[in-house]
Amino acid sequence: MSMKPHKWGSSHTEENNLVKSLPKHLRGSKVVDKAVNELYKLDFLIRVKKTG
């Protein structure tokens, strides 16, 4: 059994993976897009520019 230390600091998840975690009947719907945009506006989610 391998023991990993607990994660410290923030974690990054792509928006695609965020949507994949939802039930199949909600994926790709306009309601989900509106909810994600609202989370960005409320600063619950932060867009990070990728380099490389």
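Could you check how many residues of region 7-52 are in a loop (DSSP other than H, G, I, E, B) and among the aliphatic types (A, V, I, L, M)? Before you say what the answer is, go through the steps one by one.
Initially, region 7-52 is screened for residues in a loop (DSSP other than H, G, I, E, B), giving 7-14, 21-29, 42-52.
Pick out the ones that are also among the aliphatic types (A, V, I, L, M) and you get 22, 26, 42, 45-46, 48.
The total comes to 6.
Looking at (1) out of contact with any helix residue (DSSP H, G or I) (no Cβ under 8 Å at 6 or more places or on another chain); (2) touching a residue at least 12 places away in the same chain (Cβ under 8 Å), which one does LYS49 not meet, given that it meets all the others?
Just one mismatch for LYS49, condition (2).
Being exposed (fewer than 11 other Cβ atoms within 10 Å of the Cβ), of a type outside the set (A, V, I, L, M, F, W, C) and touching a residue at least 24 places away in the same chain (Cβ under 8 Å) is true for just one of HIS12, HIS25, HIS6. Which residue is that? So that I can check it myself, show each step before the final result.
Numbers: HIS25 fails: touching a residue at least 24 places away in the same chain (Cβ under 8 Å); HIS6 fails: touching a residue at least 24 places away in the same chain (Cβ under 8 Å).
That would be HIS12, the only listed residue that is exposed (fewer than 11 other Cβ atoms within 10 Å of the Cβ), of a type outside the set (A, V, I, L, M, F, W, C) and touching a residue at least 24 places away in the same chain (Cβ under 8 Å).
Output the residues belonging to region 38-50 that are within 19 Å of HIS12 (Cβ to Cβ) and either surrounded by 10 or more Cβ atoms within 10 Å (Cβ to Cβ) or of a type in the set (D, E, K, R) (or both).
LEU39, TYR40, ASP43, LEU45, ARG47, LYS49, LYS50
Values in this text are rule-based calculations from the coordinates and carry no lab data. Predicted model only: the values in this text are computed from it and were never measured. Counting neighbours? That spans all protein chains shown, and the Cβs are built from the backbone with ideal geometry, glycine included.
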